[in-house]
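The values are calculated or read from the model by the stated rules, or taken from the named source; none is laboratory data. None of the values given here were measured: they were computed from a predicted structure. Neighbour counts run over all protein chains shown; Cβ positions are idealised from the backbone, glycine included. All accessible areas refer to the heavy atoms of the entire protein, side chains included, with ligands and DNA or RNA removed. Shrake-Rupley method; radii C 1.70, N 1.55, O 1.52, S 1.80 Å.
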Amino acid sequence: MKKLLISILLANLLAACASQKPVEPEAAAPEPAPAPVAEAPAPEPALAPVVEVDPLNDPNSLLAKRSTYYPFDVSVVQEADKPIVQAHAKYLSEHPNRKVRLEGNCDERGSNEYNLGLGNRRANGVKQMLLLGGARESQIETVSYGEEKPRCTDHNEACWKQNRRTDIRY
Amino acid sequence: MLCVIERLVVTLFLLHVATANAELSIEIIGAGENQTPIAIVPFEGDEKLSQTIREVVIGDLLRSGLFRMIDTEGRSPRSPSEVSYPDWQARGAEALAIGTVAAQPNRRIEARFRLLDVVKQTELAGQAVSASEGQIRAVGHRIADLIYEKLTGDKGVFSTRITYVNREGKHYRLVVADSDGYNEQTVLSQNQPIMSPAWSPDGSHLAYVSFETGHAVVYIQSLYTNQRKLLAGYSGTNSAPAWSPDGKQLAIVMTRDGSSQIYLIRPDGSDIRRITFSGVIDTEPNFSPDGQSLLFISDRGGSPQIYRMPAKGGAAERMTFGEGANFSPRYSPDSRSFVFTHRISGKFYIAMQDFQTGQMELLTEGGWEKKPSFAPNGKLIMFASEARERGILATVSSDGRVKQRMFTLSGDAREPVWGP
C-alpha cells in the first residue's frame, strides 16, 4: 500500500516536472477589452422626471463610484479619486441621516498584520477627507480587512491593484 | 516551481503515510551536516497495532534530517543479549533501537524500548512508554524524542503541537495538530477570516484574531474546555496577540487611538496600557524569552522594518536595515537571534539575524514564504509557504540545510505557529 502510494506520488511528481518543461511560456491572455469608462458626461435626459431621485442611486453620479484605489504601500487618497470622496462628503453633509462604513483593503505583499494597519490607514484617509468635506464623525465607521478579503486572488499586479482599495458602503 | 526539487535534491525522501481517514504528505529536502546512521528494529508486537509505532519513529527522525536509516532486514533482536554488535557495525549503524509493544488492560498499550550504542556496545537509554490505544502516534513521538535527545544532545520536538489557519474558499478553520501535521483538531470554524493564532506559554490556550463580528477582534480560547472569551473588541482593529513568557499579559495591537499601536493587556482583558506612540503602524509584537523586550515592526522609518524596545515601553531601536522590507519577527528560544519574513524584489524569504553581529541570513529560496516561528528547541523553524497552488506548511532547520514541506489534507494552510 505504502509502496504503491509512493510510486503514484513519484509518478505524479515526475509527470508534473516532465510536463512542465515543454510548456510554452503561458500564452499571453488576450487583453480584456478596456472597461467602459464612465467618465464621459452622460447625455442629458430629454425631459427630467419631476420625481426627486436620491443622487446616491443615480448611476451617472460620481456617487455611483464607491471605491478609491492606491499604489503599493500607499494610503493617501490619490488625485484621481479625490472628486469621488468629495462628492460623498457633500452628499453626507446634505444627508445627515445617512451613514457610511469605510472598508480598507490591501494586496497580499506584506504581513497580514501590517496590512491590517495599512487598510486602517487607507480607510482613515478617506474618513479625514469626508470630515473635511462636511461629513460628521457619527456618520462614519471605519474597518480594515487588510489582505484578508481579496477581491482577486492571483499573484499579479492586475489582481493586486484591485485589492488595494477603500470601499465606501452606505 | 515543482522542479525546484530536482535542483535542490541532496537527498529526497518521500513519506506518504496513509491513515484511516486522512492523507497528508510530507517531503523532505536536504540533509543535516552529520547524519547519524541508526537502525530501528521492528518492535515485537508492533505489527498488531492499527499503525506501527516504528513507522512514526522513523518518520520523525527522518524529518529532522539528522538521521539515516540502516536496513534491518533479517534481524530482529528483542533484547540486548540478542544483539550481535559486529553485524550492526558491518551494516554501518552507529545506533540501534529495539523494543516490544504489548497490549495492557483498559485498552492501553505499552512500548518498551532500548537505544544501544553500536560502536561502544552499550545501552544509551531504555524506557517504557504507555498510552491509550488511540495514542499510538504519541508513543512513537515520545520514543523519537528520546532517541533524538540522546543522539543529538538537543531536546526533541516530535511531541509538540502546531496551530495554523486552514482556508477553503471563504471557510476558515483554526486547527491544532501534532508537529508532523497529524491528529488535526478544529478549534474554531467559521465563514469569516481568522488570523494570527498565538500559543499561551503553557500550551493551554490560543489567542487569535477573528472577523466574525465584522471587524478584527482578539479572542482567547481554552484548548481544554473550548470556552473562549473576547480579549479586545474595541472600535477599529484589535489584532496581533503575543503572550508574555510568564503568561500574565499579552501585547496586542489596536487602532482605537488612531493608527496601529501596541498595548499591553492582561489575559482577563484588564489593565490596558499603551506602549508605543509613533502615530504610524507599529505591529507584530513578540516577547523576548526573558520577557524584558519586544521585537515589533514599524514603518516609522518609511518602510516596514524590525525594531526592539523594552516590554514596559520606552525608546525603540531599529534592528533591520538595508533594502527590502521586514515583517513578523520572532526571538529564537536562546535569545541570540530572531527570524522574520524578508521581502525584496517581489519575493518573500524566511530570514534569520544574529543580535550580536547584525548579520542577516536567508534560510529559504524565496517565494510566498511568511510567518516563521521556532520549534521549542530552536533547531527548526516552521513557516507558511506555497506549492502546487496551495498554501502549505514548511519547515527549515536553523542552519538552513534541511527543508520539509507538509501538504495538509485540503485547502490552504496559513499562519502556522509552533507551540509548546
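Taking 8 Å as the Cα distance limit and 6 or more residues as the minimum spacing, I'd like the relative contact order of region A:66-139 as a percentage.
It comes to 40 percent, rounded to a whole number.
With everything on Cα atoms, drop me the angle between helix B:136-152 and the longest principal axis of chain B, reported from 0 to 90° to the nearest 10.
Relative to chain B, helix B:136-152 is tipped by roughly 90 degrees.
Straight-line reach from B:LYS229: which aspartates and glutamates have Cα under 17 Å away, leaving out those fewer than 8 places along the same chain?
Partners found: B:GLU212, B:ASP268, B:ASP271.
Out of the trypsin sites (Lys or Arg not before Pro) in region B:237-274, which ones are loop residues according to DSSP with at most 13 other C-beta atoms within 10 Å?
B:LYS248
Test of understanding: in a Gaussian network model of chain B with alpha carbons linked when under 10 Å, which of B:GLY65, B:GLY45, B:GLY181 would top the mean-square fluctuation ranking?
B:GLY45
Mean separation of Cα pairs under 8 Å and 6+ residues apart, divided by the residue count of chain B: what relative contact order is that in percent?
The normalised contact order for chain B reaches 11 percent.
Not counting the cut sites, what is the longest span of chain B without GluC sites (Glu not before Pro) that DSSP labels loop and that have at most 11 other Cβ atoms within 10 Å?
B:74-322
Which whole number in µm²/s is D for the protein assembly as shown by Stokes-Einstein, with the Kirkwood Rh taken over Cα pairs at 25 °C and 0.890 mPa s?
Answer, rounded: 93 µm²/s.
Given contacts defined as C-alpha pairs under 8 Å and at least six residues apart, what's the relative contact order of region B:152-262, whole-number percent?
So the answer I get is 15 percent.
Along the Cα-to-C-beta direction of A:SER93, a point sits 7 Å from the Cα; which residues of region A:117-151 have their amide N less than 14 Å from that point?
A:128-137
Between A:ARG101 and B:TYR234, what is the label-to-label distance in nm when each label sits 7 Å out along the Cα-to-Cβ direction?
2.2
What does the charge count near B:GLN104 come to, summing +1 for each Lys or Arg and -1 for each Asp or Glu among other residues with Cβ under 10 Å from its Cβ?
Within the 10 Å Cβ shell, the charges total 0.
I'd like the FRET efficiency for B:LYS150 and B:ASN226, computed as 1/(1 + (r/R0)^6) with the beta carbon distance as r and R0 of 35 Å, rounded to 0.05.
Computed FRET efficiency for B:LYS150 and B:ASN226: 0.40.
May I ask you to list the trypsin sites (Lys or Arg not before Pro) in region A:67-170 that are in a DSSP loop and have at most 15 other Cβ atoms within 10 Å of their Cβ?
Listed in order of number, the matching sites are A:ARG98, A:LYS99, A:ARG136, A:ARG151.
What's the FRET efficiency of B:GLU47 with B:GLU123 using the Cβ-Cβ distance as r and R₀ = 30 Å, to the nearest 0.05?
Efficiency at R0 = 30 Å is approximately 0.75.
With +1 on the Cβ of every Lys and Arg and -1 on the Cβ of every Asp and Glu, and nothing else charged, how large is the dipole of the protein assembly as shown about its Cα centre, in debye rounded to the nearest 20?
Once rounded to the nearest 20, the dipole reads 880 debye.
If you take the charge dipole of region B:57-212 about its Cα centre, with +1 on Lys and Arg Cβ and -1 on Asp and Glu Cβ, which of B:ALA128, B:VAL57, B:GLN190 is farthest toward its positive end?
B:GLN190
Give the accessible surface of the protein assembly as shown per residue, rounded to a whole number of Å², with probe radius 1.4 Å and ligands, DNA and RNA excluded.
Per residue, the protein assembly as shown has an accessible area of 46 Å².
Along the charge dipole of the protein assembly as shown, which of A:TYR145, B:SER239, B:THR72 sits closest to the positive end, that is, farthest toward it, with unit charges on the beta carbon of Lys, Arg, Asp and Glu (+1, +1, -1, -1)?
B:SER239
Figure the gain on full extension for B:ASP399 and B:SER270 (residue separation times 0.36 nm, minus the Cα-Cα span) and round it to one decimal in nm.
Stretched out fully, the B:ASP399 to B:SER270 stretch lengthens by 42.3 nm.
Let me know the charge dipole size of chain B about its Cα centre in debye, to the nearest 20, where only the beta-carbon of Lys, Arg (+1) and Asp, Glu (-1) is charged.
800
How many angstrom lie between the C-alpha centres of region B:118-154 and region B:280-356?
That distance is 37 Å.
Taking amide H atoms as placed 1.01 Å from N in the peptide plane, list the residues 5 or more away in sequence, or in a different chain, whose amide H sits under 5 Å from that of B:GLY45.
Under 5 Å from the amide H of B:GLY45: B:VAL101.
In nm², what is the average projected area of the convex hull enclosing the Cα atoms of region B:34-152?
Approximately 6.8 nm², given one-decimal rounding.
With chain B treated as a Gaussian network of Cα nodes joined by springs under 10 Å, which of B:ILE275, B:ILE220, B:ILE252 yields the largest mean-square fluctuation?
Answer for the Gaussian network model of chain B: B:ILE275.
Show which aspartates and glutamates lie in cross-link reach of A:LYS161 when reach means a straight Cα distance below 18 angstrom and same-chain residues fewer than eight apart are skipped.
Result set, ordered by chain and number: A:GLU31, A:ASP73, A:GLU79, A:ASP81, A:GLU103, A:ASP107, A:GLU108, A:GLU147, A:GLU148.
Nearest 100 Å² is fine: what is the total accessible surface buried where chains B and A meet, probe 1.4 Å?
So the total buried area for this chain pair works out to about 3300 Å².
List the lysines whose Cα lies under 17 Å from the Cα of A:LYS90, skipping any in the same chain that are fewer than 8 positions away.
Cα-Cα hits under 17 Å: A:LYS65, A:LYS82, A:LYS99, A:LYS127.
Assuming a viscosity of 0.692 mPa s and a temperature of 37 °C, what translational diffusion coefficient in µm² per second does Stokes-Einstein assign to region B:161-418, Rh being the Kirkwood radius over Cα pairs?
Estimated diffusion coefficient is 180 µm²/s.
Do any of B:LYS170/B:LYS248; B:LYS312/B:LYS347; B:LYS120/B:LYS155; B:LYS347/B:LYS379 go past 26 Å between their Cα atoms, and which?
B:LYS170/B:LYS248; B:LYS312/B:LYS347
Could you tell me the distance between the Cα centroids of region B:79-109 and region B:367-393, to the nearest Å?
Answer, in whole Å: 35.
Let's see if you can work this out: charge +1 on each Lys and Arg Cβ, -1 on each Asp and Glu Cβ, no other charges. What is the dipole magnitude of region B:34-152 about its Cα centre, in debye to the nearest 20?
The calculated dipole for region B:34-152 is roughly 200 debye.
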